[in-house]
Amino acid sequence: MPARTTMSGKSIVASQFDRAADLINLDAYMRKILITPFREVQVEVPVRMDDGRIEVYTGYRIQHNGARGPCKGGIRYHPEADHDEVLGLATIMTWKTALMDIPFGGAKGGVTVDPRKLSPLELERLTRRFTQRISIVLGPYRDVPAPDVNTNAQVMAWILDEYSSRHGYTPAAVTGKPVSLGGSLGREEATGRGVMYVMMEYARDFGVPLQGSRVVIQGFGNVGSHLARLLHAEAGAKVVAVSDVDGGIYNDRGLDVPGLLAHAAARKPVSEWAGGKRVTNEELWTIPCEWLVPAALGGVITREANANTIECKVVVEAANEPTTPTADLILAERGIPVIPDFLANAGGVTVSYYEWAQNLQQYRWTHEQVNRELRATITRAYAGVRDLAKEKGATFRTAAYAIALQRVAEAERLRGN
Ligand code: NAD
């Protein structure tokens, strides 16, 4: 496993926030409003295990800002999910929804648990208990959860069922649901698809053609696997290496992505696949490529581990917070641009917005319509960031922050703050 940084989610966000706030001369009081979370809920989650014992977990739901609409953000199950990480991720959600200009604020949830150690029934009981404990702050016009690391459409279905048993059938209370329970066509692949659309725009603007170019992806879960599939099938890119928690696989001629997807669908580690050379998670960062895409956890590109040695033309942050601020500065000095998380991976929340809107209207969009709207929305956001970055001589990250901060600050001011 690569070393993850010890720097907290909160401090990662704060240093990047300051740079953008300076760029738009944000008042001191407004900085305080925008950095302070609106509401934090911490709960105990007692779960009856299959052997009869009761195990008690800790869960969080943090609503960072709701000035522009109901709070929105995923729920993560992970042994390292703690208050600080969830707060950092909730904050990013505020900037992400503002940058996409969709009518939501930002939130995140997490339970400190290793779900690989739970049976399916234990996972269901954990989800239902957690939902009961936080449901007082949820609701379609209050706070709408979605999937994140180690949670999926099935987990969202349990959340929907639990929430609806108290409040009546409320599909708009959660997104990322199975399609048969009111989920949106295209939601599952939306984050990966959005990453690809941003890469396509960047490729055209900055002369790094995707066709035939080499892509390395860390993480082969929801985001990484759909991204690999789409880049292979729709962009003609050469996915040369991917990894998961157990290690990676590399083939400089390009991996047979459909074959690898079939292998991973049988719940086998990618490193056990025969179509390439096995690499460790550390070696993955040394593979030369045009596009390096972290799509697993935060804090993986660091000064200590890899920022000085990565050999790529562009880093695309499909994961949330994969690059520490120090590593970000090193990459900038080395002339390696970074497409920031809350632009690159915003496809998921954008299609969650379409899902929410479809549920409220009780009307289903076609998959083509979802993809068309997603492309238009994320491309518009990308163009805004590109233009501001050029105008101010700023990085994409600082420009993206500046646009988002401006929008949230305006909403706060109009509401009287
Ligand atoms: P997931 O649980 O489906 O997949 C995570 C993947 O990362 C798995 O393949 C896992 O094996 C791998 N992984 C975990 N630890 C690793 C390590 N140390 N080294 C290498 N690989 C490792 O999660 P996901 O939904 O794909 O989310 C991935 C990232 O994308 C997260 O940062 C998440 O916050 C972000 N994100 C997800 C969505 C979404 O819609 N799911 C939206 C926006 C952002």
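The values are calculated or read from the model by the stated rules, or taken from the named source; none is laboratory data. What you are looking at is a predicted structure, and each value in this text was computed from that prediction instead of being measured. Here Cβ is always computed from backbone atoms with ideal geometry, including for glycine, and neighbour counts include all displayed protein chains.
Quick notes on this one:
- Condition met for ALA90 (touching a His at 6+ places or on another chain (Cβ under 6 Å) and either not in a loop (DSSP other than H, G, I, E, B) or not hydroxyl-bearing (Ser, Thr, Tyr) (or both)): yes
- Selection count where residues are among the aliphatic types (A, V, I, L, M), away from the ligand (no atom under 13 Å from the Cβ) and not in a loop (DSSP other than H, G, I, E, B), scope segment 239-255: 2
- Check on THR377, more than 23 Å from VAL215 (Cα to Cα) and of a type outside the set (Asp, Glu): yes
- Among (1) surrounded by 21 or more Cβ atoms within 10 Å (Cβ to Cβ); (2) within 15 Å of the ligand (Cβ to nearest atom); (3) in a helix (DSSP H, G or I) - the single one HIS263 does not satisfy: (1)
- Qualifying residue in segment 393-409 (condition: assigned to a helix (DSSP H, G or I) and loosely packed, with under 15 Cβ neighbours inside 10 Å): no
- Assessment of segment 345-354 against the conditions (of a type outside the set (A, V, I, L, M), in a loop (DSSP other than H, G, I, E, B), surrounded by fewer than 24 Cβ atoms within 10 Å (Cβ to Cβ) and modelled with pLDDT of 95 or more) yields no matching residue.
- Restricting attention to segment 313-324, the residues being part of a loop (DSSP other than H, G, I, E, B) and surrounded by 21 or more Cβ atoms within 10 Å (Cβ to Cβ) number 7.
- When residues of segment 270-289 are limited to those that are in contact with a helix residue (DSSP H, G or I) (Cβ under 9 Å, 6 or more places away or on another chain) and in a loop (DSSP other than H, G, I, E, B), the one nearest to the ligand (Cβ to nearest atom): THR280
- When segment 116-166 is filtered for residues that are in contact (Cβ under 8 Å) with a residue 40 or more places away in the chain and touching an Asp or Glu at 6+ places or on another chain (Cβ under 7 Å), the ones remaining, listed by number, are SER119, LEU121, GLU122, VAL137.
- Test result for SER184, of a type outside the set (Lys, Arg), part of a helix (DSSP H, G or I) and modelled with pLDDT of 95 or more: no
- Filtering segment 203-220 to residues that are of a type outside the set (Lys, Arg) and crowded, with 18+ Cβ neighbours inside 10 Å leaves ALA203, LEU210, SER213, VAL215, VAL216, ILE217, GLN218, GLY219, PHE220.
- Residues considered: GLY59, GLY69, GLY52. Of these, the only one that is touching a residue at least 24 places away in the same chain (Cβ under 8 Å) and at positive phi is GLY69.
- Inclusion of LEU297 among residues that are part of a loop (DSSP other than H, G, I, E, B) and of a type in the set (A, V, I, L, M) is warranted.
- Residues of segment 212-233 that are within 16 Å of the ligand (Cβ to nearest atom) and either outside any helix (DSSP H, G or I) or touching a Pro at 6+ places or on another chain (Cβ under 8 Å) (or both): VAL215, VAL216, ILE217, GLN218, GLY219, PHE220, GLY221, ASN222, ARG229.
- Checked against the criterion of being away from the ligand (no atom under 16 Å from the Cβ), assigned to a helix (DSSP H, G or I) and either among the aliphatic types (A, V, I, L, M) or closer than 30 Å to ARG372 by Cβ (or both), the candidates PRO209, PRO258 yield just one match: PRO258.
- Filtered residues of segment 370-386 (kept if surrounded by fewer than 16 Cβ atoms within 10 Å (Cβ to Cβ) and charged (D, E, K, R)): ARG372, ARG380
- Flag for TYR197 being within 15 Å of the ligand (Cβ to nearest atom), in contact with a helix residue (DSSP H, G or I) (Cβ under 9 Å, 6 or more places away or on another chain) and of a type in the set (Ser, Thr, Tyr): yes
Residue-wise test of (1) part of a helix (DSSP H, G or I); (2) surrounded by 24 or more Cβ atoms within 10 Å (Cβ to Cβ); (3) at pLDDT below 95; (4) not charged (D, E, K, R).
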residue	(1), (2), (3), (4)
ALA67	no, no, no, yes
ARG76	no, yes, no, no
GLY110	no, yes, no, yes
LEU121	yes, no, no, yes
ARG125	yes, no, no, no
GLN132	yes, no, no, yes
PRO145	no, yes, no, yes
GLU162	yes, no, no, no
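- Test: residue in segment 171-181 that is out of contact with any Pro (no Cβ under 6 Å at 6 or more places or on another chain) and closer than 29 Å to VAL338 by Cα: yes
- Test result for GLY236, buried (at least 24 other Cβ atoms within 10 Å of the Cβ), out of contact with any strand residue (DSSP E or B) (no Cβ under 7 Å at 6 or more places or on another chain) and assigned to a loop (DSSP other than H, G, I, E, B): no
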